[in-house]
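The values are calculated or read from the model by the stated rules, or taken from the named source; none is laboratory data. Just so you know, these numbers come straight off a predicted model, no measurement behind them. Methodologically, a virtual Cβ is constructed for each residue, glycine included, from the backbone with ideal geometry; neighbour enumeration extends over all protein chains shown.
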C-alpha cells in the first residue's frame, strides 16, 4: 500500500512536469483566485474588526424611576451585565453624572456659579447605566428586556447606528461569499481541465493499466496528487505574497490617511494570517481534490 | 476455464454484435477465434475482459460468473488474463524493461520480485539483450514479443491475443505464433482472435468461426470455414 502511495506521488509530480504549461496555467489561476480571496479576507476581517471596535462605543443608556434606590439600580445593572449580547456596563451615579456635566460644560474649572448646586444636585434623578453591546444586531431585544425591568423609566439608544453596522457587516459578508464561490467554481473548472489534458495525454497508458488489472486508486492516484499539488502551490503563493504585503499596506494607509487613524484600527498581521493561511491552503487542496476527482470519476473507470 | 452461455450483445445503437453465443474453452487449450470484420470477434474479446457487459447470457472465467462481479473486483479478475493487441500498445517513453516491469508495478509487486521476473520474461521471449532499448528502436516482431512478455509477467492462467500478427510480416507472425504455442505448452490457456487464415491453417489448433454474431463452426485441427 505504501509503495502504491509513493508511486502515485511520484507519478503525480511527473504528470505536472510533463504537463508543465497547463500546470503553470492552473497554478496561476488558483494563485489569482486565492490572491483575490486573500485580499477580500483581509478587508472583511479588518472591517469586522473595526466594526467591532466601533460597536463597543455604541451604547444604550438606562435611566431609572425616581423611587428606584441605588441598590436596585446596581441589581438592574447586574441583570443586564450577565446577558450574552452585552459586552460591558457602567453605573453612573447621580453625583458622577453631575461631575461629568460640570467637566463637559465647564472644563475651565469656573465652577463658581455651580458650586452652590453641589449640595443640591440638579441631576439627582439622572443616575444611569451605560450598556455596551457585544452584538448590536440584538439591541432591540435587549432594549425590550430592559424596559420590562421594574424601576427602569427610560432607555435611550441609537437604532440607526446599530442597524447600519449590522446591515453593512452582513452585506460585506454576502458579497464576499458570492465572489469567493464564483472564484472557487472557476478554479475547480480549470483544475478539472488540466487533469483532463493529463488524462488525454496518458490515455494509452491508462488503457494498458486497466487491462493489466490496475485498481481505480492506482490509476487515479497520480492525477489526484497532480490536482492537489497544483491547488496547494496555487494557494501557497498568494499567502506568501499577501503576508509580505499586508504590513506594507497597513503602514502605507496609516501614513497617508492619518486623519482616519482614529477609525482605522488594523488587525495584527499574525491574527490575520493565523486564520488565512490554513483556510487558503485548505481551499487550494480542496479545489485540487474536487477538480481532479470530478474529472476522474467521469473519465477514468476500470 | 472459459464458458459462454447463450451470450447476446446488442449495442445502444441497436446493432446486434453477438447473438446467442455458446462456447466452452478448457484449461490449457489453444483456440483460434476467426471471422470476417464485424462478425463479433472484438465484441467477444471485450466481453471476456469485462470491458463490455453482455445484454443477456452468462460468462464464466475460472468458474466465476463475471457478470455478477462487483466493479471493484474487476481489476483482480483481469490480473488472471494476459492481453496482447495488434498494435502492441507499449509505453513509448519507457524502455523494454520498464514496459514489462510496469505490469508488475501496477499490481503492486515488490521491487525484488520485479527484478527477478522481468529478466526471466525477456529471456522467454528472446529479448534478453534488448532490455534497455526503447520501443521505437525495435522491429514490429520484437515489439510484439515485449507485449507478450508484459502480458505473461504476472503469470496469468489465460492469454487473450487480439490479432497479434496483424501488423507483422509472415516470418515475424510465424515466430510469434510459435512463441504462443510454447507459452501454451507451459500450461497457459491461449485464445487468439485473428484474420490470418494462413497461420490458422498451419497451426492445426481448434478454430471457432463466428459470423454475424453466431458461432458457425467449432472444429479441431485448423480446419476453417470460409469467413
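Using the structure shown, decide if residue B:4 is within 14 Å of another protein chain (Cβ to nearest Cβ) and crowded, with 20+ Cβ neighbours inside 10 Å. No; evaluated as a whole, the condition is false for this residue. Total residues in the range B:54-84 satisfying the condition of being within 12 Å of chain A (Cβ to nearest Cβ) and either exposed (fewer than 15 other Cβ atoms within 10 Å of the Cβ) or within 24 Å of residue A:7 (Cβ to Cβ) (or both): the figure is 14.
Yes/no matrix, rows are residues, columns are (1) touching a strand residue (DSSP E or B) at 6+ places or on another chain (Cβ under 8 Å); (2) at pLDDT 70 or above; (3) farther than 24 Å from residue A:68 by Cβ:
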| position | (1), (2), (3) |
| --- | --- |
| A:88 | yes, yes, no |
| A:93 | no, yes, no |
| A:103 | no, yes, yes |
| A:115 | no, no, yes |
| A:135 | no, yes, yes |
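Inspect all residues belonging to the range B:146-153 and state whether any of them is within 27 Å of residue B:109 (Cβ to Cβ), surrounded by fewer than 20 Cβ atoms within 10 Å (Cβ to Cβ) and at pLDDT 90 or above. No; the residues of the range B:146-153 include none that is within 27 Å of residue B:109 (Cβ to Cβ), surrounded by fewer than 20 Cβ atoms within 10 Å (Cβ to Cβ) and at pLDDT 90 or above.
Evaluate the following for residue B:41: is it farther than 12 Å from residue A:212 by Cα, touching a strand residue (DSSP E or B) at 6+ places or on another chain (Cβ under 9 Å) and within 12 Å of chain A (Cβ to nearest Cβ)? Please lay out each step first, then the result.
Details: farther than 12 Å from residue A:212 by Cα: yes; touching a strand residue (DSSP E or B) at 6+ places or on another chain (Cβ under 9 Å): yes; within 12 Å of chain A (Cβ to nearest Cβ): no.
Answer is no for this residue.
Residue check: is residue A:226 within 14 Å of chain B (Cβ to nearest Cβ) and in a helix (DSSP H, G or I)? In short, no. Being modelled with pLDDT of 75 or more, under 21 Å from the mean Cα position of the chain (by Cα) and surrounded by 11 or more Cβ atoms within 10 Å (Cβ to Cβ) is the filter; apply it to the range A:255-270 and report the residue that is farthest from residue A:39 (Cα to Cα). It comes out as A:265.
Going by the conditions given, is residue B:190 at pLDDT 95 or above and either more than 20 Å from residue B:26 (Cα to Cα) or buried (at least 22 other Cβ atoms within 10 Å of the Cβ) (or both)? Write out each step before concluding.
Values: at pLDDT 95 or above: yes; either more than 20 Å from residue B:26 (Cα to Cα) or buried (at least 22 other Cβ atoms within 10 Å of the Cβ) (or both): yes.
For residue B:190, the condition - at pLDDT 95 or above and either more than 20 Å from residue B:26 (Cα to Cα) or buried (at least 22 other Cβ atoms within 10 Å of the Cβ) (or both) - is met.
Among the criteria (1) more than 14 Å from chain B (Cβ to nearest Cβ); (2) under 26 Å from residue B:47 (Cα atoms), the one residue A:217 does not fulfil is (1). Counting only residues that are surrounded by fewer than 20 Cβ atoms within 10 Å (Cβ to Cβ) and either within 10 Å of another protein chain (Cβ to nearest Cβ) or not in a helix (DSSP H, G or I) (or both), the range A:185-204 holds 1 of them.
Exactly one residue out of B:151, B:161 is part of a strand (DSSP E or B), within 13 Å of residue B:84 (Cα to Cα), within 14 Å of chain A (Cβ to nearest Cβ) and in contact with a strand residue (DSSP E or B) (Cβ under 8 Å, 6 or more places away or on another chain): that is B:161.
The number of residues in the range A:1-44 being modelled with pLDDT under 85, more than 14 Å from chain B (Cβ to nearest Cβ) and farther than 17 Å from residue A:236 by Cα comes to 5. Answer with yes or no whether residue A:212 is closer than 20 Å to residue A:6 by Cβ, within 12 Å of chain B (Cβ to nearest Cβ), at pLDDT below 90 and touching a strand residue (DSSP E or B) at 6+ places or on another chain (Cβ under 9 Å). In short, yes. For the range A:171-186, the criterion of being over 21 Å from the mean Cα position of the chain (by Cα) and closer than 30 Å to residue B:84 by Cα is satisfied by no residue at all. For the range A:279-286, does any single residue satisfy the condition of being in contact (Cβ under 8 Å) with a residue 40 or more places away in the chain, farther than 30 Å from residue A:51 by Cα and either more than 14 Å from chain B (Cβ to nearest Cβ) or in contact with a strand residue (DSSP E or B) (Cβ under 9 Å, 6 or more places away or on another chain) (or both)? Yes, that holds for at least one residue. Annotation: of all residues in the range B:121-167 being touching a helix residue (DSSP H, G or I) at 6+ places or on another chain (Cβ under 9 Å) and without any contact (Cβ under 8 Å) to a residue 12 or more places away in the chain, the one that is farthest from residue B:35 (Cα to Cα) is B:129.
On the given criteria, is residue B:100 crowded, with 19+ Cβ neighbours inside 10 Å, within 14 Å of another protein chain (Cβ to nearest Cβ) and touching a residue at least 12 places away in the same chain (Cβ under 8 Å)?
Numbers: crowded, with 19+ Cβ neighbours inside 10 Å: yes; within 14 Å of another protein chain (Cβ to nearest Cβ): yes; touching a residue at least 12 places away in the same chain (Cβ under 8 Å): yes.
Considered against the rule, which asks whether it is crowded, with 19+ Cβ neighbours inside 10 Å, within 14 Å of another protein chain (Cβ to nearest Cβ) and touching a residue at least 12 places away in the same chain (Cβ under 8 Å), residue B:100 comes out as yes.
Residue A:207 falls short on exactly one of the conditions (1) within 14 Å of chain B (Cβ to nearest Cβ); (2) crowded, with 21+ Cβ neighbours inside 10 Å, and that condition is (2).
Here is a yes/no grid of residues against (1) closer than 16 Å to residue A:208 by Cα; (2) over 20 Å from the mean Cα position of the chain (by Cα):
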| position | (1), (2) |
| --- | --- |
| B:112 | no, yes |
| B:122 | no, no |
| B:131 | no, yes |
| B:149 | yes, no |
| B:155 | no, no |
| B:166 | no, no |
| B:175 | no, no |
| B:183 | no, no |
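From the list A:36, A:16, A:30, A:80, the lone residue that is over 30 Å from residue A:277 (Cα atoms), assigned to a helix (DSSP H, G or I) and touching a residue at least 60 places away in the same chain (Cβ under 8 Å) is A:80.
Would you say residue B:172 is buried (at least 16 other Cβ atoms within 10 Å of the Cβ), in contact with a helix residue (DSSP H, G or I) (Cβ under 7 Å, 6 or more places away or on another chain) and assigned to a loop (DSSP other than H, G, I, E, B)? Break it down stepwise before answering.
Working: buried (at least 16 other Cβ atoms within 10 Å of the Cβ): yes; in contact with a helix residue (DSSP H, G or I) (Cβ under 7 Å, 6 or more places away or on another chain): yes; assigned to a loop (DSSP other than H, G, I, E, B): no.
Judged against the criteria, residue B:172 is not a match.
Note on the range B:1-17: among residues that are over 16 Å from residue B:67 (Cα atoms) and part of a strand (DSSP E or B), the one that is nearest to the chain's Cα centre (by Cα) is B:17.
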